[in-house]
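Student: Next up is a structure, given as structure tokens.
The values are calculated or read from the model by the stated rules, or taken from the named source; none is laboratory data. Just so it is clear, the model here is predicted, and its values are computed rather than measured. Because the Cβ atoms are built from the backbone with ideal geometry, glycine has one as well, and the counts that use them run over all protein chains shown. Quick note on the areas: whole protein, heavy atoms, side chains included, nothing else; ligands and nucleic acids left out. Shrake-Rupley method; radii C 1.70, N 1.55, O 1.52, S 1.80 Å.
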Amino acid sequence: MADLVAAGAPKLPEGYFYRIRPTHITEGLFVDVRRQRRFFGSDQVGGCVVYPSEYESGAEAIVDGCRRAHDRWQENERAQAARAEAGRLVGDHDPKGGR
């Protein structure tokens, strides 16, 4: 990951990493932010597809993909927090002082 960060990709916290792999249908690349599971494996928390032919270089494509995947991860985190906050207010609210 140090090479990606040096090239301009966002630094990820401990326990998170980037996975870059080819798509199987087109010349694109999947760029994922993944969280390591406690014992084995990982979960995708954000991702995107980039097409290196649309960039000046393959490295530029991958770094842009890392930025976009990181942004999607952060958007997902904010959305989950908003849903959790809204979930506390779901239900009947008695105008006479109940919930």
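Student: Can you give me the relative contact order of the chain as a percent, contacts being Cα pairs under 8 Å and 6 or more apart?
Tutor: Numbers: 126 pairs, mean separation 20.9, N = 99.
That works out to 21 percent.
Student: May I ask you to give the percent of accessible area on the chain that is carbon plus sulfur, with a probe radius of 1.4 Å? The partial results should precede the final answer.
Tutor: Values: 3610 of 7050 Å².
Here it works out to 51 percent.
Student: On to the next question. Over the chain, with the other protein chains present, what is the accessible area per residue in square angstrom, probe 1.4 angstrom?
Tutor: On the way: 7050 Å² over 99 residues.
Solvent-accessible surface per residue comes out at 71 Å².
Student: Where nothing but the Cβ of Lys and Arg (+1) and of Asp and Glu (-1) is charged, how large is the charge dipole of the chain around its Cα centre, in debye to the nearest 20? Spell out each step's value before the answer.
Tutor: Working: 15 positive and 15 negative charges, 122 e Å.
Once rounded to the nearest 20, the dipole reads 580 debye.
Student: Cα axis of helix 58-87 to longest principal axis of the chain: angle in degrees, 0 to 90, nearest 10?
Tutor: That works out to roughly 10 degrees.
Student: For the stretch 11-97, what is Rg from Cα atoms divided by 2.2 N^0.38 Å, rounded to two decimals? List each step's numbers first, then the result.
Tutor: Working: Rg = 18.2 Å, N = 87, 2.2 N^0.38 = 12.0 Å.
In units of the 2.2 N^0.38 Å rule of thumb, it is 1.52.
Student: Exactly which GluC sites (Glu not before Pro) in the stretch 44-80 are in a DSSP loop and have at most 11 other Cβ atoms within 10 Å? Show your work: numbers first, answer last.
Tutor: Working: sites: GLU54, GLU56, GLU60, GLU75, GLU77; in loops: GLU56.
Those that pass, being in a loop and sparsely packed, are GLU56.
Student: Based on the mean of other beta carbon atoms within 10 Å per residue, what is the order of 7-14, 34-41, 89-96, most packed first? Present the calculation step by step, with values, prior to reporting the outcome.
Tutor: Working: 7-14: 13.2, 34-41: 10.6, 89-96: 6.5.
Descending mean neighbour count gives 7-14, 34-41, 89-96.
Student: Can you tell me how much longer the chain between GLN36 and ALA79 gets when fully stretched, taken as 0.36 nm per residue apart minus their C-alpha distance, in nm with one decimal?
Tutor: 13.4 nm
Student: Separate question: Largest first, what is the accessible-area ranking of SER53, SER42 with a 1.4 Å probe?
Tutor: Details: SER53 90, SER42 20 Å².
From most exposed to least exposed: SER53, SER42.
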